[in-house]
Amino acid sequence: MSKTIPVMRALSLGVCATLASTVACAYELPSINLGLTTFVDGAPPPAGPGFYLMSYLQPYSADHFKDSKGKDLPFPKSDVRVVPLINQFVYQSDYSVAGAKLGGMLLLPTVLSASLDDGVHGAILGKTGTGMGDPVLGAFLQWNPIMGERGPIFSHRVELDVTLPVGEYDRTLGLNPGAHHTSVEAYWSGTWWASPKWTLSSRVFYLWNGKNSDPLPTRFAQYGIGEAHHFQPGQAMHANFAADYALTPQWRVGLAGYWLQQLTETKVNGESLSGSKERVVAFGPGVMYSFSAKDHLVLNHYTETAARNRPEGQRLTLRYIHAFN
């Protein structure tokens, strides 16, 4: 999940950057929060307990599809473009557990548009689908900041999320809005105030994936698997990180990034698929404008590098945070 953040910060949640699997390689991890959350991420909501809406638009494009060694796959053409819209509804209560405020969230992703171009009319990568992705339910504990003589010093949050496999899915497609399997993800997010104007933030996730019991039978044929009955993406860790500076009470500027590393191999028919681990790193600039304690707008741009078993491209994140209380 996530939650809203200070008057100078952006909220968000353990959500998704909706890029689903392709049939050409071991690109099997589901949509996850890659760069959706950045500045002052571990702080409590500036408008206090209540209901919040966080909307994310995150266009992604790539013209490289990487193999397990980071080399380009030999397609006639490699091009993917995805535009997901994610709406997240968050409620932070005034009820305390272990010294923290209890809250919950519902995240609803949608793929507005998607395209894959392999240069041979989809013969390699397949066609794309749009529509509703897999919703995510989460519960979190948010601690108030530890205060010093000049203001806050440190604040943090923990959350547990469950992804429900009810989004649009067609096993014949190369790119689906839904992953067709359950995922469970836990994260910790923290923000350090190096000074009243400088902050450092991070959000670290651990992801567990369930089984997809309805894959295309020939999905893993390139690995010598004649018929796939089910597959289970590997467990993974990923993190968002950011540093920002408050130019004024309204404006923050800084740098942000994300990192993903799959820890265990994907399993097909119960057997580990050697060389299937995914990895990517990205960095880029960002800016945040706070209209008030109730409304914030955040823009980040990322350039990916060091990809393994994933596309490697550009990601833009536009977030809007609104408090209803």
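Residue pairs, Cβ under 9 Å, 6 or more apart or interchain, first in region 205-220 and among the acidic types (Asp, Glu), second open to solvent by 40 Å² or more (accessible area, probe 1.4 Å). List them.
That search, which allows pairs on different chains as well, returns ASP214/TYR169; ASP214/ARG171; ASP214/HIS180; ASP214/HIS230.
Would region 72-82 turn up any residue that is modelled with pLDDT of 95 or more, of a type outside the set (D, E, K, R) and either open to solvent by 20 Å² or more (accessible area, probe 1.4 Å) or in contact with a helix residue (DSSP H, G or I) (Cβ under 7 Å, 6 or more places away or on another chain) (or both)?
No, because not a single residue in region 72-82 is modelled with pLDDT of 95 or more, of a type outside the set (D, E, K, R) and either open to solvent by 20 Å² or more (accessible area, probe 1.4 Å) or in contact with a helix residue (DSSP H, G or I) (Cβ under 7 Å, 6 or more places away or on another chain) (or both).
Hey, does region 258-269 have a residue that's in contact with a Ser or Thr (Cβ under 6 Å, 6 or more places away or on another chain), crowded, with 17+ Cβ neighbours inside 10 Å and in contact (Cβ under 8 Å) with a residue 12 or more places away in the chain?
Checking region 258-269: at least one residue is in contact with a Ser or Thr (Cβ under 6 Å, 6 or more places away or on another chain), crowded, with 17+ Cβ neighbours inside 10 Å and in contact (Cβ under 8 Å) with a residue 12 or more places away in the chain.
Yes/no matrix, rows are residues, columns are (1) within 22 Å of LEU29 (Cβ to Cβ); (2) of a type in the set (Asp, Glu); (3) in contact (Cβ under 8 Å) with a residue 12 or more places away in the chain; (4) surrounded by fewer than 22 Cβ atoms within 10 Å (Cβ to Cβ):
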| site | (1), (2), (3), (4) |
| --- | --- |
| LYS127 | yes, no, yes, yes |
| PRO135 | yes, no, yes, yes |
| SER155 | no, no, yes, no |
| ASN176 | yes, no, yes, no |
| GLU185 | yes, yes, yes, no |
| GLY190 | no, no, yes, yes |
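Return the residue satisfying two criteria in turn: it lies in region 287-305 and is part of a strand (DSSP E or B) and open to solvent by 60 Å² or more (accessible area, probe 1.4 Å), and of such residues it is farthest from HIS64 (Cα to Cα).
TYR289
Just give me the residues in region 224-244 being farther than 25 Å from SER31 by Cα and touching a Gly at 6+ places or on another chain (Cβ under 6 Å), in sequence order.
Hit for region 224-244 is ASP244, nothing else.
Mind checking which pairs have a first residue in region 233-247 that is open to solvent by 10 Å² or more (accessible area, probe 1.4 Å) and among the basic types (Lys, Arg) and a second that is in a strand (DSSP E or B) and modelled with pLDDT of 95 or more, Cβ under 7 Å, 6 or more apart or different chains?
none
Which ones in region 192-214 are open to solvent by 10 Å² or more (accessible area, probe 1.4 Å) and not small (Gly, Ala, Ser)?
Taking region 192-214 first, the residues open to solvent by 10 Å² or more (accessible area, probe 1.4 Å) are 192-198, 200, 202, 204, 206, 208, 211, 213-214.
Residues satisfying the conditions are TRP192, TRP193, PRO196, LYS197, TRP198, LEU200, VAL204, TYR206, TRP208, LYS211, ASP214.
For VAL7, only one of the following conditions fails: (1) at pLDDT 50 or above; (2) open to solvent by 20 Å² or more (accessible area, probe 1.4 Å); (3) out of contact with any Phe, Trp or Tyr (no Cβ under 9 Å at 6 or more places or on another chain). What is its number?
The failed condition is (1).
Could you pull out the residue among ASP67, ASP63 that is acidic (Asp, Glu), under 25 Å from GLY284 (Cβ atoms), open to solvent by 10 Å² or more (accessible area, probe 1.4 Å) and modelled with pLDDT of 95 or more?
Only one candidate qualifies: ASP63.
I need the full set of residues from region 133-185 which are at positive phi and at pLDDT 95 or above, in order please.
Within region 133-185, just HIS180 meets the criteria.
Which ones in region 10-52 are at pLDDT 95 or above, part of a strand (DSSP E or B) and on the phi < 0 side of the Ramachandran plot?
PHE51, TYR52
Pick out the one residue from SER155, SER115 that is hydroxyl-bearing (Ser, Thr, Tyr) and closer than 24 Å to GLY178 by Cβ.
Testing whether each residue is hydroxyl-bearing (Ser, Thr, Tyr) and closer than 24 Å to GLY178 by Cβ leaves just SER115.
The values are calculated or read from the model by the stated rules, or taken from the named source; none is laboratory data. None of these values were measured; they are calculated from a predicted model. Here the Cβ is made from the backbone with ideal geometry for all residues, glycine too, and neighbour counts use every protein chain on show. Surface areas here come from the heavy atoms of the whole protein model, side chains and all, with no ligands, DNA or RNA. Shrake-Rupley method; radii C 1.70, N 1.55, O 1.52, S 1.80 Å.
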